[in-house]
Amino acid sequence: MEDKNKRNVVVTGGSRGIGRAICLSLAGPDTRIYFNFYPEDPEAPETERLVAEAGGAAKGTCASVTSEEEMSDFFKKVIEEAGSIDVLVNNAGITKDGLLVRMKEQDWDMVLDINLKGAFLCTKIAAKQMMKQRNGCIINISSVVGVMGNPGQANYVASKAGLIGLTKTAARELAARGITVNAVAPGYIESDMTADLPEKAKEAMLSQIPLGKAGQPEDVAEIVAFLASDSASYLTGQVIHVSGGMFI
Ligand code: NAP
């Protein structure tokens with residue numbers, strides 16, 4: 001049964017890392033969080049547990065952002081249960097690094113499918129509901145490398161640069177319906193995604209960060225919470241860098 005005082009939030013890739021921190025930063029007694037992840041991840045119930053511990057409610061679903069059918073089903077269930085979608089955070093993402101000349105077509109396709117097409121599909125489905133509501137907030141998790149470029153990450157960088165273009169276009173198309181669309185561009189954040197990087201690569205990244213340390217998932221999540229709050233209601237089409245000054 002719909003409760004109009006509740007804020008309903010969808011976070012893609014909420015089972016761990018930055019996505020989990022985003023679920024926690026948005027958690028509260030008046031917020032219901034729906035997150036997905038793919039493939040099956042034994043870590044997912046921990047996000048539900050931590051959100052419940054923070055006094056909120058979260059429900060995880062195994063469904064891939066690359067499948068229009070799975071995402072339509074996922075959002076349909078959210079709307080049936082919650083009645084609205086107030087915030088969408090397109091966070092799900094992967095890397096498949098390699099030098100451009102050696103990059104396999106399947107690694108290019110997989111990264112673009114998850115990181116960019118996934119955000120397009122979720123935005124398209126959620127925006128239809130938000131347009132009916134005449135309000136909503138969409139936040140895309142891009143990356144500083146989407147602006148700066150990065151050797152060995154042509155597929156990832158293209159997907160994150162594409163997300164910035166998607167953000168700016170969606171912001172212009174949806175503003176008249178009271179929907180804001182912004183991007184957050186994290187720098188080097190400690191998570192599973194960066195844990196296995198060679199020590200040399202980690203040192204090289206740290207040397208580019210004026211604040212001299214890697215960020216934590218919470219550093220990104222706090223900015224997402226601000227963008228999802230009423231305090232950011234006059235902000236749209238922007239890219240907020242959370243990188244310790246890696247990009248200035
Ligand atoms: P992570 O720890 O590897 O988590 C990735 C999340 O995405 C997991 O929840 C994963 O689900 C989910 N996912 C992957 N493929 C999916 C699919 N097809 N459908 C639905 N969910 C899927 O990564 P992270 O570091 O938290 O990164 C989160 C976002 O921040 C990504 O978009 C990443 O590009 C961006 N970012 C990260 C950094 C960084 O330094 N870490 C910097 C800039 C931007 P499973 O648990 O089921 O695998």
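Could you pull out every one of the strands (runs of 3 or more DSSP E) wholly within the range 1-102 that has 1 or more residues that are near the ligand (Cβ under 8 Å from one of its atoms) and out of contact with any Cys (no Cβ under 8 Å at 6 or more places or on another chain)?
Correct list: 57-62.
Need at least 1 residues that are open to solvent by less than 20 Å² (accessible area, probe 1.4 Å) per element, so show me which helices (runs of 4 or more DSSP H) inside the range 127-225 make the cut, counting only ones lying wholly within it.
In the range 127-225, the matching helices (runs of 4 or more DSSP H) lie at 145-148, 154-174.
Please pick out the residue among ALA176, ALA185 that is touching a strand residue (DSSP E or B) at 6+ places or on another chain (Cβ under 6 Å) and under 24 Å from ASP86 (Cα atoms).
Within the list ALA176, ALA185, the selection yields ALA185.
The values are calculated or read from the model by the stated rules, or taken from the named source; none is laboratory data. For clarity, every value in this text was computed on a predicted model and none was experimentally measured. With ideal geometry, Cβ positions are generated from the backbone for all residues, glycine too; neighbour counts draw on all protein chains shown. These area figures cover heavy atoms from the full protein model, side chains too; ligands, DNA and RNA do not enter into them. Shrake-Rupley method; radii C 1.70, N 1.55, O 1.52, S 1.80 Å.
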